[in-house]
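Everything below concerns the one structure shown next.
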Amino acid sequence: PQGALVAVECNSGAVKALVGGRDYSETEFNRAIGSNRLPGSGFKPFLYYAAFEKLSLTPANVFVDRQITIPVVGASDWTPQNFGREHEGPMILKRALMKSVNAIAAQLVERVGPDALIDVARRFGIKSPLKPVFSLALGTSGVSPLEMAAAFSTLATGGIQHEPFWIRRIEDPLGRVLEEQIVRGQRSLDASIGYQVIDMMRGVLTSGTGKVVRRLGFDLPAAGKTGTSDDFRDAWFTGFTPTLSVSVWVGYDRGMRMRDANGVGITGGRGAAPIWAEFMIKATNGEPPREFTVPSDIHFETVDAISGEIAGEWTSNRVKVALRSG
């Protein structure tokens with residue numbers, strides 16, 4: 001398989017590191033920029049932001065993980081499947097993102113609509129063509145690792161989007177500045193809604209599909225999301241700290257399935273997240289822990305992960321959620 005990695009400085013957009021393939025002498029194609037591959041569930045943070053903004057939902061709202069079929073005008077009905085082809089019943093939305101439940105994502109995109117989802121993805125910084133179909137919520141339109149790293153950095157900055165750039169300054173032999181990149185960011189997301197998504201994505205690393213990152217020893221405050229396309233053709237992990245956003249993709253150039261020696265498919269959690277963890281351990285070596293900025297109108301409640309109600313003394317399945325005032 002091939003691979004690609006992009007690291008973007010959150011508060012400026014500066015590209016700090018880039019790997020376009022496993023060996024430049026074998027192929028000079030830069031997969032970090034020029035390869036648009038299906039992000040799978042890595043696209044879901046855009047969907048959840050859209051659901052919170054457009055539908056006024058919260059991470060504690062309850063949806064039912066069940067078999068769902070969505071009618072499509074002029075085409076066959078859409079019946080998405082969960083990764084394990086099983087259903088768990090009711091759960092809060094934070095748990096649905098942590099466990100990457102496709103059936104609940106489908107219910108959200110049916111209510112939000114593909115056009116609203118595309119609008120939100122553009123505001124995050126996604127520029128690749130996106131098809132206005134329900135399955136977009138499950139990452140069926142191609143994106144590049146550079147786009148994903150830059151888009152997730154918009155969350156880390158509290159909703160300020162920065163265009164990625166490569167050269168900070170050019171000087172002549174006498175030190176005179178010939179060209180300089182002026183860092184300009186523009187607000188494109190609501191900070192409070194964005195923080196709710198960050199808090200949910202932190203759960204992906206602690207007890208969700210990306211928990212391998214913590215097992216491998218990366219312990220700084222961080223958030224992220226795994227992604228796996230159909231038939232294990234693409235494995236992704238995109239995650240960020242308050243200062244650095246990194247996207248990793250693994251896959252075959254010709255789109256073949258990735259399976260191990262036992263025939264088990266390679267997911268984002270197995271194929272990309274360990275690379276992300278190893279890179280981040282080295283890239284952040286010596287950095288003190290930095291927490292994400294909590295907006296003033298955010299408060300935290302511990303709720304039952306199934307019912308969404310405030311957790312009682314004997315509640316066993318407890319999840320802390322970030323809620324906006326009101």
- Query: Do any helices (runs of 4 or more DSSP H) entirely within the range 42-126 hold 1 or more residues that are open to solvent by 50 Å² or more (accessible area, probe 1.4 Å), under 22 Å from F152 (Cα atoms) and in contact with a strand residue (DSSP E or B) (Cβ under 9 Å, 6 or more places away or on another chain), and if so, which?
  - Reply: 93-98, 114-124
- Message: Looking at (1) farther than 19 Å from E110 by Cβ; (2) not charged (D, E, K, R); (3) not in a strand (DSSP E or B), which one does V15 not meet, given that it meets all the others?
- Response: (3)
- Determine the pairs where a residue that is free of Cβ contacts under 8 Å to residues at least 60 places away in the same chain and under 20 Å from L97 (Cβ atoms), located within the range 308-321, has a partner that is of a type in the set (K, R) and open to solvent by 100 Å² or more (accessible area, probe 1.4 Å) with Cβ atoms under 7 Å apart, the partner being 6 or more residues away or on another chain. A311/R318
- Within the range 218-236, which residues are touching an Asp or Glu at 6+ places or on another chain (Cβ under 9 Å) and open to solvent by 10 Å² or more (accessible area, probe 1.4 Å)? L220, P221, T228
- Item | Options F279, F300; residue that is in contact with a strand residue (DSSP E or B) (Cβ under 7 Å, 6 or more places away or on another chain), aromatic (F, W, Y) and buried (at least 18 other Cβ atoms within 10 Å of the Cβ) | F279
- Looking at L18, is it within 19 Å of the chain's Cα centre (by Cα), over 26 Å from E291 (Cβ atoms) and either in contact (Cβ under 8 Å) with a residue 24 or more places away in the chain or surrounded by fewer than 18 Cβ atoms within 10 Å (Cβ to Cβ) (or both)? yes
- Item | Top-ranked residue of the range 176-207 - restricted to ones that are at pLDDT 95 or above and part of a loop (DSSP other than H, G, I, E, B), ranked as most open to solvent (accessible area, probe 1.4 Å) | R176
- the range 57-74 residues that are basic (K, R), paired with ones that are part of a loop (DSSP other than H, G, I, E, B) (beta carbon under 6 Å, 6 or more apart): R66/H87
- Enumerate the pairs (first residue in the range 238-261 and closer than 18 Å to G40 by Cβ and without any contact (Cβ under 8 Å) to a residue 24 or more places away in the chain; second residue anywhere and assigned to a strand (DSSP E or B) and open to solvent by less than 10 Å² (accessible area, probe 1.4 Å)) with beta-carbon separation below 8 Å, excluding pairs fewer than 6 apart on the same chain, so at least 6 apart or on different chains. none
- Message: Quick check on this structure: which one of P1, P39 is surrounded by fewer than 18 Cβ atoms within 10 Å (Cβ to Cβ), closer than 22 Å to T267 by Cα and touching a residue at least 40 places away in the same chain (Cβ under 8 Å)?
- Response: P1
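Residue-wise test of (1) within 24 Å of G268 (Cα to Cα); (2) polar (S, T, N, Q).
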| site | (1), (2) |
| --- | --- |
| A75 | no, no |
| T79 | yes, yes |
| N82 | yes, yes |
| A106 | yes, no |
| V109 | yes, no |
| D115 | no, no |
- Query: Of these, G326, G308, G263, G239, which one is in a loop (DSSP other than H, G, I, E, B) and buried (at least 18 other Cβ atoms within 10 Å of the Cβ)?
  - Reply: G308
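The values are calculated or read from the model by the stated rules, or taken from the named source; none is laboratory data. Note that the structure is predicted; figures quoted are calculated from it, not measured. Positions of Cβ are backbone-derived with ideal geometry, glycine not excepted, and every protein chain shown enters the neighbour counts. Areas reflect the complete protein model, heavy atoms only, side chains present, ligands, DNA and RNA absent. Shrake-Rupley method; radii C 1.70, N 1.55, O 1.52, S 1.80 Å.
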